[in-house]
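Undergrad: The structure follows.
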Amino acid sequence: MNGLRLRHAGLVLLGALLVLLAAVAANVVGIHLAGGIDGWQAWLTVHRMHFLAWRLLLYAGTAYGWVWMRRRVLAREADAGTRRRLLRAELAAVVAVAALELSPYLQAG
């Protein structure tokens, strides 16, 4: 059982590393195509609403998946402890998303 957890943790770590590498590669390619960091920053600024729409679609898909998973978990374990754990996870997710989305506005002052 312990080996299975270690393998799962390794796969999760590998997946996170691949996502990070894809993000770095996208930025490097974008900087190159835009002619430099200033051009890349300007392109990102011009297209910020497209990225907002994309993020909102991702959040909606994640929320749909969460509701589906939540129903399955509560059907299996309908006790109060499970409900509290799910509620804590939901609140943490909402706070994290709100912090990520509001941080640029808070940094701008």
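The values are calculated or read from the model by the stated rules, or taken from the named source; none is laboratory data. Here the structure is a predicted model, which means the values were calculated and not measured. FYI the Cβ positions are ideal-geometry reconstructions off the backbone, even for glycines, and counts take in every protein chain you see. These accessible areas exclude ligands, DNA and RNA; they are computed on the full protein's heavy atoms, side chains included. Shrake-Rupley method; radii C 1.70, N 1.55, O 1.52, S 1.80 Å.
Undergrad: Give me the Å³ per residue figure for the convex hull around the C-alpha atoms of the chain.
TA: 145 Å³
Undergrad: For the pair ILE37/ARG76, report the inter-label distance in nm, with labels modelled 7 Å from Cα in the Cβ direction.
TA: Distance between the two pseudo-spin positions: 4.7 nm.
Undergrad: While we're on this one: Given the rule -39500 (n - 2.57) for each run of at least 4 DSSP H residues, summed and divided by the residues of the chain, what is its mean residue ellipticity at 222 nm, to the nearest 500 deg cm²/dmol?
TA: -33000 deg cm²/dmol
Undergrad: Oh, and also: Of all accessible surface on the chain at a 1.4 Å probe, what whole percent is carbon and sulfur?
TA: On the chain, the fraction of accessible area on carbon and sulfur atoms equals 72 percent.
Undergrad: Moving to a separate point now. State in Å² the accessible area per residue of segment 44-109; use a 1.4 Å probe, count heavy atoms of protein chains only, and round to the nearest integer.
TA: Here the per-residue accessible area is 84 Å².
Undergrad: Here is a further query. Using a Förster radius of 22 Å, what is the FRET efficiency between ALA99 and PHE51 based on their Cβ-Cβ separation? Nearest 0.05, please.
TA: Details: r = 17 Å, r/R0 = 0.78.
According to the calculation, E is roughly 0.80.
Undergrad: I need the GluC sites (Glu not before Pro) found in segment 65-109, filtered to DSSP loop residues with at most 13 other beta carbons within 10 Å of theirs. Kindly include the intermediate steps, with their values, before the conclusion.
TA: Details: sites: GLU77, GLU90, GLU101; in loops: GLU77.
Taking segment 65-109 and a limit of 13 other Cβ atoms within 10 Å, the loop GluC sites (Glu not before Pro) found are GLU77.
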